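Take a look at the structure below.
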Amino acid sequence: MTTADGVTVPRTSPRPNAALTGGPISEGRRRRRRAENIRGWVYCLPFLIAFGLFLIWPTIYGLWMSFTGTSLAGTKTGFVGLANWTEALGDANVWTSLANTAVFTVLSSIPLVLIAMGLAILVNVGLPGQWFWRLAFFLPFLLASTVVSKFWNWMYNPQLGLVNTVLGWFGITGPAWLQDPSTAMISVVITTVWWTIGFNFLLYLAALQNIPDQLYEAASLDGAGRWRKFRSITVPQLAPTTVLVLVLQLLSSLKVFDQIYQMTSGGPGGDTRPVLLYIYEVGFTGYRLGYASAISYIFFFMIIIVSLAYMVISSRRSVKA
Amino acid sequence: MTAQMHIVGSGRRSTGLVLRYVVASVLALVFLIPFYAMVKTALSTNEEIYTSEFTLWPAHPQWQRIPELFADPLFLAALRNSAIMAAVSTSLSILIAALAGYALARIPHRAAKPMFMLVIIVLLVPATTAFVPNFIIVASLGWIGTLRGLIIPGLFSAFNVFLFRQFYLGFPREVEEAAYIDGAGFFRTFFTVVFPNTLPFASALTVLGLIGSWNAFLWPLVVAGNGQGAMTVQIYLSSFLTAQTFDYGGLFMAATISLLPVLLVFFILQRFLVAGIAATGLKG
């Protein structure tokens, strides 16, 4: 099993085709294998075409563009060598937006995993009206970023917003959440958690419903208490889901754009601007698509490095286990 | 009766249950209040919106906003375009992903391993690196401001390929083998035997796909343009305030209307959602 399998596919049955690869090879089997080869290509073809046209080719093309002065206005200044790259590496906005992306990813992923698990556990067992809880916690996920952003901008409004109104009841004067550099990022994170937690919640709910009741019954017979059962049955049984939820969450947090673009436009002073927003600004507001490509690539390499490091660490751990 | 409840004494059980009810209810309120606020704002006059005085429900519900919105040809175009985009891109991308996922899970061919690795890599980076060059490609094809430009570049989903592969790894082989023995070809087996058995799972992905493309923002923002040709609901909403000054009531009415199709799909298909997610082989 490849590293990728080990990381992202926490617990699957062994590949069914494993049996085919061993043993002596007869003429018939060889023919069958050739047929399966062709078949495999045919099935993958639609995906490979779309994949090639709108991913592989743009990726290569983007790399080429990063060495050119391509602009949105259509003018091509041709090959500029490493100019975009050296400029990007020396551009403070690139580094702060990369850092903002990292901060957002960490701050949002942790609650989005832990609170989702908590919510699922809270309503899974023994709380009637499950359809209602499921609906209530999932509903915000249906909202579009436009609606979410407009709504939370009102919530965070220093004078009219609900947040400061409620704080006012307790005699607290709340800050201007989205305009204050010290609270802007955390405000965006809170909105994101509220908005997207429903998906992770559902993944956990599905996983909880797959834990066999017998495990809890057996543990009860052995005299295990609630906490003990939670620690020794629920948590380990949820582990594969947690890995999956965490990976998906990191991937989507790294791509954050929509709500920040609409809530703060990256402000105040670029304090919430994620790298994708900077790429958008450079490319589509500043018309410098070549430069935007170079920044995209720097981001790409960052993610690859972090993921490779993670794969190496986790495969080493699974070898030990 | 669940296993967890057998062991707890009845007194402790009920206090625990009450506590959980309270916590769950408070949280549910936090999650649901915005929906109430949205509908209330949609029906309030703009004067009411800007007063700090709290009313449970607007004194004069502004229902006329609905016919006003539907009289706007741009809003109608946006609804139509978003509907087409959601339907076409979701169904096609699921079909493409199902075929590829099936091939990756089932057929021991040479492309399988490198392709799976590629899928994983793509999962890590698609929107970011391919975003700018994809725009150039779409622009050079003359697809800016067209539905083609909105839909086609998003037709492959590495995430869906990954999930379908997981699903088909756990799919019983005997079923397909029976079909092969009966003389069915590759594609016939897939479309008559394998794919129909995938439907509950595919429904879950359909819900997620429809939500995702109905709510898509960044790609339409750069590709859709301002005309009726490819204006989507979300771009319409995001440009609403600048176009119509500070008509918050109208904005939230449009937002409420735009939410209805997603809600409808969700209610119809929601029972598949949890079951479908559970079937992906993510289970412990």
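The values are calculated or read from the model by the stated rules, or taken from the named source; none is laboratory data. Here the structure is a predicted model, which is why all the values come from computation and not from measurement. Every residue, glycine among them, receives a Cβ derived from its backbone with ideal geometry; neighbour counts consider all protein chains shown. Note: accessible area is taken over every heavy atom of the protein model, side chains too, but ligands, DNA and RNA are not part of it. Shrake-Rupley method; radii C 1.70, N 1.55, O 1.52, S 1.80 Å.
General observations
- Rolling a 1.4 Å probe across all protein chains gives A:LYS255 an accessible area of roughly 70 Å².
- Straight-line reach from A:LYS150: taking Cα to Cα under 19 Å and skipping same-chain neighbours fewer than 8 places apart, the aspartates and glutamates in range are A:ASP180, A:ASP258, B:GLU47, B:GLU48, B:ASP247.
- Ranked order, B:TRP63, B:TRP219, B:TRP57 - accessible area, probe 1.4 Å, largest first: B:TRP63, B:TRP57, B:TRP219
- Sum of side-chain charges, B:PHE159 neighbourhood, beta-carbon under 13 Å (Lys, Arg +1; Asp, Glu -1): +2
- For chain B, diffusion coefficient by Stokes-Einstein and Kirkwood Rh (Cα), 37 °C, 0.692 mPa s, µm²/s: 146 µm²/s
- Between the range A:112-187 and the range B:139-198, the Cα center-to-center distance that results, in Å: 37 Å
- Using heavy atoms of the protein chains and a probe of 1.4 Å, the accessible area assigned to A:ASP271 is about 60 Å².
- Using a cutoff of 8 angstrom between alpha carbon atoms and counting only pairs six or more residues apart, the relative contact order for the range A:246-321 works out to 16 percent.
- With a simple spin-label model that places each label point 7 Å from the Cα along the Cα-to-Cβ direction, the separation between A:ARG34 and A:ASP213 comes to 5.6 nm.
- For chain A, relative contact order (Cα pairs under 8 Å, six or more residues apart, normalised by length) works out to 30 percent.
- Efficiency of FRET between A:PHE301 and B:ASN226 - r from beta-carbon atoms, R0 30 angstrom, step 0.05: 0.25
- Relative contact order of chain B: 30 percent, from C-alpha pairs under 8 Å at least 6 residues apart in sequence.
- Computed over chain B with a Gaussian network model linking Cα atoms closer than 10 Å, the most mobile of B:MET117, B:MET253, B:MET231 is B:MET117.
- List B:GLU68, B:GLU177, ordered by accessible area with a 1.4 Å probe, largest first: B:GLU68, B:GLU177
- Across the range A:248-321, Cα-Cα pairs more than 21 Å apart make up 41 percent of the total.
- For A:LYS229, the aspartates and glutamates whose Cα comes closer than 18 Å to its Cα, not counting residues fewer than 8 places off in the same chain, are A:ASP213, A:GLU217.
- Choice from B:SER25, B:SER140, B:SER91 showing the highest fluctuation, given a GNM over chain B with Cα pairs closer than 10 Å: B:SER25
- Once the Kirkwood radius over Cα pairs is known for the protein assembly as shown, the Stokes-Einstein relation at 37 °C and 0.692 mPa s delivers a diffusion coefficient of 125 µm²/s.
- In this structure, the amide hydrogen of A:THR68, modeled 1.01 Å from its nitrogen in the peptide plane, lies closer than 5 angstrom to those of A:VAL80, counting only residues at least 5 positions away or on a different chain.
- The Rg/Rh ratio for the range A:84-320, using Cα coordinates for both the radius of gyration and the Kirkwood hydrodynamic radius, is 1.05.
- B:SER239 accessible area, assembled protein chains, probe 1.4 Å, Å²: 40 Å²
- Dipole of the protein assembly as shown [Lys/Arg +1, Asp/Glu -1 at C-beta], most positive-end residue of B:PRO200, A:SER66, B:VAL39: B:PRO200
- Protein accessible area in chain A, 1.4 Å probe - carbon and sulfur %: 68 percent
- Förster radius 41 Å - calculated FRET efficiency between A:PHE79 and A:LEU308, Cβ distance, rounded to 0.05: 0.85
- Listed residues A:PRO236, A:PRO274, A:PRO175, most fluctuating in chain A (Gaussian network, C-alpha, under 10 Å): A:PRO236
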